[in-house]
Amino acid sequence: MAANNRRMSGKKGAQVGSGGQRRRGLEGKGPTPPAEMRKGHKKNRIATAKTKQVQRRPVARGRGGRGTSEMVVGRNPVVEALREGVPASTLYVQQFIDNDERVREALQLAAERGGINLMEAPRPELDRMTNGLNHQGLVLQVPPYEYAHPEDLVAAAHDEGEDPLIVALDGVTDPRNLGAVVRSVSAFGGHGVVVPERRAAGMTAGAWKTSAGTAARTPVARATNLTRALEAYKKAGVAVVGLAADGEAEIGELEALDGPVVIVVGSEGKGLSRLVGETCDYRVRIPMPGGAESLNAGVAAGIVLYEAARRRA
């Protein structure tokens with residue numbers, strides 16, 4: 001009987017009580033990750049070295065300065081940012097992540113765009129990078145935005161043989177409004193947007209997404225002092241038109257929109273600040289028969305840009 005048991009124990013195949021381990025071992029584990037994410041692979045080592053170099057590299061200062069880097073956190077936000085063409089330098093993926101459809105799409109989009117480093121990182125490292133936010137295993141690093149200088153926008157218009165058509169934002173703090181204005185400027189043939197350096201929305205990932213990709217071809221300039229930037233525009237022969245609910249004229253009556261102009265849009269709640277309002281050559285209003293008290297910056301800018309484009313056509 002003992003000999004028989006020894007013969008039986010030598011048989012091949014799954015043993016009783018294996019828990020299905022051999023069956024699970026035959027199941028698919030999803031697509032093979034890109035070489036940049038496979039630990040020990042040459043491309044993974046190169047990508048890691050490049051990322052460390054970027055993190056150590058001092059920030060260069062352009063004429064309009066640079067913004068700060070930003071992290072897009074979470075599976076849906078990362079996928080949406082990649083779909084909308086938000087600039088990105090590195091996609092961080094958590095080790096042993098559950099490889100669902102969103103993760104696969106993020107990896108595919110990053111690979112198709114090119115120029116995005118793919119880095120695998122343990123969960124504690126991603127927790128540290130995101131200050132404990134719910135990153136769901138995906139983090140996208142957005143590099144600092146390279147701002148133009150306000151003078152560059154006028155120079156670009158003159159290079160194209162056109163009268164400058166610029167929008168300046170005064171006290172607008174929502175990046176989505178900035179993105180909407182950038183989109184309208186691009187749609188109506190404008191030459192750029194000016195924002196103050198402090199207490200104002202900047203070109204974040206949210207602004208990029210709202211711009212629907214137009215931020216790639218419509219410059220945003222940053223002014224240390226918006227009032228001084230507007231005064232410099234006036235000296236260069238550009239009319240400064242401020243939007244105000246109590247403006248002296250309606251936009252349809254303003255002939256200044258025919259020529260070089262910068263349109264100043266204030267915040268939805270407070271409107272133009274006192275100094276900026278006093279700097280404007282004209283203060284105009286948008287007629288609203290429906291009785292609304294105000295429009296958000298993106299809508300207001302779009303209406304005036306349309307009127308300017310119509311006059312120039």
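List of remarks:
- If you sort the three axes of the alpha carbon gyration tensor as a ≥ b ≥ c, you get a/c under 1.5 for the stretch 154-313, which makes it rounded.
- Proximal aspartates and glutamates to K270, defined as alpha-carbon separation beneath 17 angstrom and excluding residues fewer than eight positions away on the same chain: D170, D174, D246, E278, E293
- A probe of 1.4 angstrom, applied to the heavy atoms of all protein chains, finds M71 with accessible area near 70 square angstrom.
- Distance between the modelled labels on A245 and A111, one decimal in nanometres: 5.4 nm (7 Å Cα→Cβ projection).
- Residue-level accessible surface for T204, protein heavy atoms, 1.4 Å, Å²: 40
- Pair-distance profile P(r), taking every C-alpha pair of the stretch 138-226, with 5 angstrom steps and integer %: 3, 16, 26, 26, 17, 8, 3, 1, 0, 0
- Per-residue ³J(HN,Hα) for the stretch 112-126, Karplus 6.51 cos²θ - 1.76 cosθ + 1.60, θ = phi - 60°, Hz, x for Gly and Pro: 5, 5, x, x, 10, 6, 9, 10, 9, 9, x, 4, x, 5, 5
- Per-peptide packing, taken as the mean over residues of other Cβ atoms within 10 Å, places 257-265, 160-168 in the sequence 257-265, 160-168 from highest down.
- Difference of contour (0.36 nm per residue) and Cα-Cα distance, N296 to A232: 20.4 nm
- Difference of contour (0.36 nm per residue) and Cα-Cα distance, E80 to N99: 5.1 nm
- Chain lengthening between I303 and D159 when straightened (0.36 nm per residue, less Cα-Cα): 49.2 nm
- Placing H191, H158, H149 in order of accessible area, with the largest value first and a 1.4 Å probe, yields H158, H149, H191.
- Under Karplus coefficients 6.51, -1.76 and 1.60, residue-wise ³J(HN,Hα) of the stretch 168-175 in Hz, glycine/proline x: 10, 10, 10, x, 8, 10, 8, x
- The residues of the stretch 172-296 have, on average, 47 Å² of accessible surface per residue, using a 1.4 Å probe with all protein chains present.
- T173 accessible area, 1.4 Å probe, all protein chains in place, Å² to nearest 10: 100
The values are calculated or read from the model by the stated rules, or taken from the named source; none is laboratory data. Since this is a predicted model, take the numbers as computed values, not measurements. Methodologically, a virtual Cβ is constructed for each residue, glycine included, from the backbone with ideal geometry; neighbour enumeration extends over all protein chains shown. Quick note on the areas: whole protein, heavy atoms, side chains included, nothing else; ligands and nucleic acids left out. Shrake-Rupley method; radii C 1.70, N 1.55, O 1.52, S 1.80 Å.
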